[in-house]
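The block underneath contains the structure these notes are about, expressed in structure tokens.
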2 protein chains.
Amino acid sequence: MSPSRERLVVIGGDAAGMSAASQARRMRGPDELEIVAFERGHFSSYSACGIPYWVGGDVAEREELIARSPEEHRARDIDLRMRTEVTELDIEGGRVRARELDTGAEAWTSYDKLVIATGARPVRPRIPGIDAPGVHGVQTLDDGQALLDTLSATRGRRAVVVGAGYIGVEMAEALINRGYEVTVVNRGAEPMSTLDPDMGRLVHEAMTGLGITMVDDAEVTKILTGADGRVRAVATTSAEYPADVVVLGIGVRPETSLARAAGLPLGDRGGLLTDLAMRVRGHENIWSGGDCVEVLDLVSGRERHIALGTHANKHGQVIGTNAGGGYATFPGVVGTAVSKVCDLEIARTGLREKDARRAGLQFVTATISSTSRARYYPGAADMTVKMIAERRTGKLLGVQIVGREGAAKRVDVAAVALTAGMTVDRMTALDLGYAPPFSPVWDPVLVAARKAVTAVRAAG
Amino acid sequence: MSPSRERLVVIGGDAAGMSAASQARRMRGPDELEIVAFERGHFSSYSACGIPYWVGGDVAEREELIARSPEEHRARDIDLRMRTEVTELDIEGGRVRARELDTGAEAWTSYDKLVIATGARPVRPRIPGIDAPGVHGVQTLDDGQALLDTLSATRGRRAVVVGAGYIGVEMAEALINRGYEVTVVNRGAEPMSTLDPDMGRLVHEAMTGLGITMVDDAEVTKILTGADGRVRAVATTSAEYPADVVVLGIGVRPETSLARAAGLPLGDRGGLLTDLAMRVRGHENIWSGGDCVEVLDLVSGRERHIALGTHANKHGQVIGTNAGGGYATFPGVVGTAVSKVCDLEIARTGLREKDARRAGLQFVTATISSTSRARYYPGAADMTVKMIAERRTGKLLGVQIVGREGAAKRVDVAAVALTAGMTVDRMTALDLGYAPPFSPVWDPVLVAARKAVTAVRAAG
């Protein structure tokens, strides 16, 4: 063992943390770098994004969601300690205090390098009854298991989903697949507030068409319980919705209480702030990534909080490379997200109208309807594409797509164009794949770009 | 009628020509611009790319392939003359001579502005029997109708497709769908010579798996006919393949005999050469687009001939804008193409290895296997992605994808990245849409980019 052997401590055993640990291990062997990781839950390196599909029955076994088990990590010389929660960061002393949740034993562990990957915690409104049996979050595998246990034990068939963002709509699909009557209660004017309301309206209509009761503009005030103490209904300012089970899909916040207590720099949304190498700002030997950080939005130039497995994995890769003595950066995001509710696909990238306004940009919009394949080809499915472009320059600012099969991943074209800073005029000439089974002769993204060009010219 | 009314003559009534005519009409009304178009066939503005799906039965009616009929064009004040072939261009005199094919009547028509959109003609090998009944090209709707008539009239069930490019593989699918035993005879070492041979091999294997007999490295020497004069077999240098019907899918060449006779500038591949505004080089008032021109390949910087409806439509749009007094350009292509054989999807963009070599580029390659969705999500389909990047700079040069559902259109990400001149390193951080039903947490294109980065570094 080398006398210069360093210790890397990782807080959080999911995507960002364990990607970082694995990549650092690839960079440097155990003789050079000791890696200790703490995870307070029962599972490591799993796909939280897959939970709705496991709950809905598309994924049969919990284990399918686990990319790498604790044992597999340990076989790669990563000392992953499960059910062990870090309770304090001592930045000055270069050490973390961790408690074994099952025994209560606590100990300090010193580090040369630290990775903070504490993830996010679901928003739980502070309303009466929120902790009643039958009310579930779906942030962790443990949460998913608890919800599945409830679903198995529950006779009723009525579910209320609180929130109509990604988690909300995916959980609505999951519960429909399990035979529930589903009501989605949503604070906003339309579901999917990550879209502009005109596009969210399309989601509302499609979800209603799927038999889901959509309650918009509604604030949940109380969870009502029965004589058995279990949830029996969800009350809003205006109505009550009977519920045998309630799923909270209101969104998540960065889990940065440790970092906050340690005085590390946090952004407006409560996430850790890092540099491009994913180092916590002002700290040479501390990195952070995944759902607990804010990321640079390359379109608006502002920090955002986006909890998404693909970013967490990329962060982990960058952190592990840097912590292992290499060099890598994460340049930022353009805000791409895709989702589905049954056969409805929902995608967005870049700025919404209100984001553009907030960023001080003047813009035009263009919305078009087209199809996923040549109209004459079987299975051609409708899609609506909305494009937002800067006034004068015609620079692409954002794209939103709602449609059926083949709609969602088309947003990737816009994501690359945004990254490259393309104008909508330039986009009209993009050489996108064309054959009747895959696209109309003008791909829907190109049709939207053409209309956006006209709008830019008209706006002057 | 304005005394300054100009006449625009369009030669060719399909995608490029009629897109140009329609766009010119949008720009200028009939008082300002007279538009006369000549088409030698029976149909206008149809999707030639759709012919295989019509032959295969996915598209029920020929009329579904027709985007706009002659009557519809005429209703927009475009004087479209069907079954009328232009037989001579008099550039000096500013006029074209056209013959009505049904009456034989000939007349000169003068023009102020001319659009040449004469398309392409299929390659027909000069071998004995090539004109025998039962041997069919599939370039035009007329060709497709003739083939369908033969299929209806033919008792046999054995088809030989000559050529294994896009048309060949799509016709193989069409004939399989109609219940034929299909043999594909191909000059190259592997099918799909628009891919590198290692990727073409995957197509070979998949087509064999579909029950298609693949004969590679085979030169057709003769079409053998029976006592009735109809085709009965295809002979190659090494073997004979019984055939009740033969489909030629060997490729196409620019149809530029008129242009050649008139002394207009042609490229190495026989296509008209234009400037970025799609004007024929050296001619202020003559434009050309679609399958009869060569286009600039933005990756290699060289001219190529690519017969593809999406380019023809874009050309027409640009030509019509310019001929109508506006301004538009077609910057070039990156060589994107997608196709399928049954459930096998095939895509490519940019340069193959041999293209890169020919362009004087040194490069590395990276090939990876991944899936279209998260591995645990139902329907996750395998795909192989090959990426080619320039040595030293890491600039993306090309991508090829072979896989099942969800494979083909992923090439669009690479098409945009090529257009933007991205490096593979930059691509690893692309913010592509992720959710389990749509992608693994690392999209296959990103996985390929990561491997390509490693290859670039290793090559030094």
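Descriptive notes on the structure:
- Only a single item in (1) surrounded by 19 or more Cβ atoms within 10 Å (Cβ to Cβ); (2) under 30 Å from residue A:203 (Cβ atoms); (3) in contact with a Leu (Cβ under 8 Å, 6 or more places away or on another chain) is not met by residue A:124, and it is number (1).
- Flag if residue A:348 is out of contact with any helix residue (DSSP H, G or I) (no Cβ under 7 Å at 6 or more places or on another chain), basic (Lys, Arg) and not assigned by TED's automatic domain parsing to the domain that holds residue A:191: no
- Once the range B:74-91 is narrowed to residues that are without any contact (Cβ under 8 Å) to a residue 60 or more places away in the chain and closer than 18 Å to residue B:27 by Cα, the residue that is farthest from the other protein chains (Cβ to nearest Cβ) is B:79.
- For the range B:393-417, residues that are among the acidic types (Asp, Glu) and surrounded by fewer than 24 Cβ atoms within 10 Å (Cβ to Cβ) total 1.
- Of all the numbered requirements in (1) surrounded by fewer than 24 Cβ atoms within 10 Å (Cβ to Cβ); (2) within 14 Å of chain A (Cβ to nearest Cβ), residue B:53 misses one, and that requirement is (1).
- For the range A:23-39, the set of residues classified as in contact with a helix residue (DSSP H, G or I) (Cβ under 7 Å, 6 or more places away or on another chain) and surrounded by 20 or more Cβ atoms within 10 Å (Cβ to Cβ) consists of A:23, A:24, A:33, A:35, A:37, listed by residue number.
- Where strands (runs of 3 or more DSSP E) sit wholly within the range B:342-452, those with at least 2 residues that are within 12 Å of chain A (Cβ to nearest Cβ) and among the hydrophobic types (A, V, I, L, M, F, W, C) occupy B:344-350, B:396-403.
- Looking across A:238, A:193, one residue alone is closer than 17 Å to residue A:169 by Cα, in contact (Cβ under 8 Å) with a residue 12 or more places away in the chain and of a type outside the set (A, V, I, L, M, F, W, C). It is A:193.
- Test: residue in the range A:129-137 that is modelled with pLDDT under 95 and in contact with a strand residue (DSSP E or B) (Cβ under 7 Å, 6 or more places away or on another chain): yes
- Residue A:141 closer than 25 Å to residue B:434 by Cβ and in contact with a Lys or Arg (Cβ under 7 Å, 6 or more places away or on another chain): yes
- Members of the range B:252-270 found to be of a type outside the set (Gly, Ala, Ser) and free of Cβ contacts under 8 Å to residues at least 60 places away in the same chain, listed by number: B:260, B:265, B:266, B:268, B:269
- Residues located in the range A:13-46, provided they are within 21 Å of the chain's Cα centre (by Cα) and closer than 16 Å to residue A:292 by Cα: A:13, A:14, A:15, A:16, A:17, A:18, A:19, A:20, A:39, A:40, A:45
- In the range A:169-181, the residues that are more than 14 Å from chain B (Cβ to nearest Cβ) and either surrounded by fewer than 24 Cβ atoms within 10 Å (Cβ to Cβ) or more than 12 Å from residue A:208 (Cα to Cα) (or both): A:175, A:176, A:178, A:179, A:180, A:181
- Output for the range A:105-119, where each listed residue is surrounded by 20 or more Cβ atoms within 10 Å (Cβ to Cβ) and more than 17 Å from residue A:65 (Cβ to Cβ): A:111, A:113, A:114, A:115, A:116, A:117, A:118
- Number of the exception - residue B:303 against (1) under 30 Å from residue B:404 (Cβ atoms); (2) more than 11 Å from chain A (Cβ to nearest Cβ); (3) of a type in the set (Asp, Glu): (1)
- Within the range A:253-281, considering residues that are under 15 Å from residue A:96 (Cβ atoms) and hydroxyl-bearing (Ser, Thr, Tyr), the one surrounded by the fewest Cβ atoms within 10 Å (Cβ to Cβ): A:257
- In the range B:138-250, counting only strands (runs of 3 or more DSSP E) that sit wholly within it, the ones holding 2 or more residues that are under 30 Å from residue B:82 (Cα atoms), within 21 Å of the chain's Cα centre (by Cα) and modelled with pLDDT of 95 or more span B:245-248.
- Evaluation of residue A:110 against the conditions (1) touching a residue at least 60 places away in the same chain (Cβ under 8 Å); (2) more than 20 Å from the chain's Cα centre (by Cα); (3) more than 14 Å from every other protein chain (Cβ to nearest Cβ); (4) under 30 Å from residue A:220 (Cα atoms) shows that the sole unmet condition is (4).
- Pairs where the first residue, in the range B:321-340, is more than 11 Å from every other protein chain (Cβ to nearest Cβ) and the second is among the polar types (S, T, N, Q) and part of a loop (DSSP other than H, G, I, E, B), C-beta under 7 Å, 6+ apart: none
The values are calculated or read from the model by the stated rules, or taken from the named source; none is laboratory data. These numbers were taken from a predicted model, which means no experiment stands behind them. We place every Cβ from the backbone using ideal geometry, glycine too, and count neighbours over all the protein chains shown.
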